[in-house]
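Please read through the structure below; I'll follow up with questions.
Every number here is computed from the coordinates shown, using simple stated rules; none is lab data. Small disclaimer: the values here were computed from a predicted structure and weren't measured. Positions of Cβ are backbone-derived with ideal geometry, glycine not excepted, and every protein chain shown enters the neighbour counts.
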Amino acid sequence: MEGLLKRKKLLEEDQILTPDLALYEVANSIWKHQHILKDLEDGLPYVSILYGMVDSGAIRTVQPDEELLRRSYAMAARNRVSVYDTIFVSLALEIDLELKTFDGQQSRIIRLEAKRK
């Protein structure tokens, strides 16, 4: 976990820190809006904006290490949710940063897990 802790020191105030899988989730959401919901004509410019934010450093991605995956897995088992959801919660708790989410399940889990710390 030392690698993740060192990354916190490199964060600037306005940066977003996220597991790298978030990029796939956001790109998939853009695809869904274009191809399934059909409320977006062309999603590719949004994908470019997302990548531009990563390239500029506004979004910083973290490749989870074994310890973060293990904690996320255990948290998923305790809360009966997917590891996809708990990886975000685990990262926020480990780095001691506020989790920004619209996901009610993640909000509930972080409150429960923060009490366990």
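Match the structure shown to one of the listed values (i) 45; (ii) 29; (iii) 14 of percent of Cα pairs over 25 Å apart, computed from it, and give that label.
Read-out from the structure maps to (ii).
Charges on Cβ only, +1 for Lys and Arg, -1 for Asp and Glu, centred on the Cα centroid of the stretch 8-88; of P19, V47, I30, which one is farthest towards the dipole's positive end?
P19
Order these peptides, 34-44, 106-116, 83-93, by their mean beta-carbon neighbour count within 10 angstrom, highest first.
83-93, 106-116, 34-44
With contacts defined as alpha carbon pairs under 8 Å and 6 or more residues apart, what's the relative contact order of the chain in percent?
Contact order relative to length: 25 percent.
Would you calculate a helix-derived [θ] at 222 nm for the chain, using -39,500 (n - 2.57) for each DSSP H run of n ≥ 4 and dividing by the full residue count, to the nearest 500?
For the chain, the value works out to -21000 deg cm²/dmol.
Now, a different point. Nearest 20 debye, what's the magnitude of the dipole of the chain about its Cα centre given +1 on Lys and Arg Cβ and -1 on Asp and Glu Cβ?
Dipole of the chain, to the nearest 20 debye: 680 debye.
Further, regarding this structure: So, in nm, how far is label E67 from label D39 when the simple model puts each one 7 Å beyond its Cα toward the Cβ?
4.1 nm
Could you give the length gained on full extension between A27 and R116, defined as 0.36 nm per residue of separation minus the Cα-Cα distance, in nm?
So the chain would gain 28.7 nm between A27 and R116.
Compute the acute angle (0 to 90°) between the alpha-carbon long axis of helix 83-95 and the principal axis of greatest extent of the alpha-carbon atoms of the chain; round to the nearest 10°.
It works out to around 60 degrees.
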